[in-house]
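Report on one structure; see the data block that follows.
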Amino acid sequence: MQINTKTSPESGLLTGKMIHLALPVRWSLVGQEGRGPTEVACTYDIHPRGARLLSAREVHVGDLVMVERGRNKAICQVVWSGDPASPLRGQFSVQCVEGKTPWDEELRQMEEQYQPVVLDALHRGAFGPGFGRLEDNRRRRPRFYVEGQAEVIDGAQHVEGEVQQISEWGARIAASRMLRPGTDFRLMLNVFDVSLALKAQVKYLINNLGMGVEFHEIRRGDRPLLSYVLSKLRSRRVEEFVEVEVVTDRLAAVSS
């Protein structure tokens, strides 16, 4: 039996829906000597090509595993594993390389859910008098250099691009087609083999080289993943919030 394991780890992760759902599954390592002992795991999220799992047993990127749910099973490859020193320890993502995913029925029945990026408590000023207006706090958040994939979804149009900088509140995206400031769109990101889905708005353009976008909503279950990505980028901090203000003011002056 030959198994195709040459599919890109990112393939299928930027397209199709991803559902934050806990499902019990069984899995075992697949090697030259057959299958190893069966382990119990739980899904964190599921998508048409695979899932993110939590298990007590350590795995490595590239491992082949048999994932089973009821009578359904598929051979998958580990494409990402959480840093053991991070809150995501024990989590790993698999992508199916043979067979249908064992959670096809659940995917058909459910829809993606999104949550506001900004907590309601922040809007209410619950952090006390030491914090200023929401926009002031937002500009103080560090932004980091990053290399990753992006997909801008504006209605029926899907435009591939790159994410160049990212923060807790937004990102700088380079794409083959720029959207006008004020445009709302859906954004799919893949950084460190971690996939994120957000609803965002274009805030400013950078000489047709990129778009500064602000995050409004994040897919349910993706907030810890965004924190994980930012924690791995601490050494790449950039200060760009002053530029955001300058460019926004220029656009406002032109439009007036």
* Using per-residue counts of other Cβ atoms within 10 Å, averaged over each peptide, order 165-171, 218-224 from highest down. => 165-171, 218-224
* To do: Working with all protein chains in place, sort F185, F192 by solvent-accessible area computed with a 1.4 Å probe, largest first.
  => F192, F185
* **Peptides 83-89, 150-156 ordered by average Cβ neighbours within 10 Å, highest first** => 150-156, 83-89
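Estimate the FRET efficiency between A56 and D154 by the formula 1/(1 + (r/R0)^6), using the beta-carbon distance for r and 41 Å for R0, to the nearest 0.05. Provide the component values of the computation, followed by the final result.
On the way: r = 42 Å, r/R0 = 1.03.
Efficiency at R0 = 41 Å is approximately 0.45.
The values are calculated or read from the model by the stated rules, or taken from the named source; none is laboratory data. Keep in mind it's a predicted model, so treat the numbers as computed, not measured. Backbone-built Cβ (ideal geometry, glycine too); neighbour counts: all protein chains shown. The area values use the complete protein model at the heavy-atom level, side chains included, leaving out ligands, DNA and RNA. Shrake-Rupley method; radii C 1.70, N 1.55, O 1.52, S 1.80 Å.
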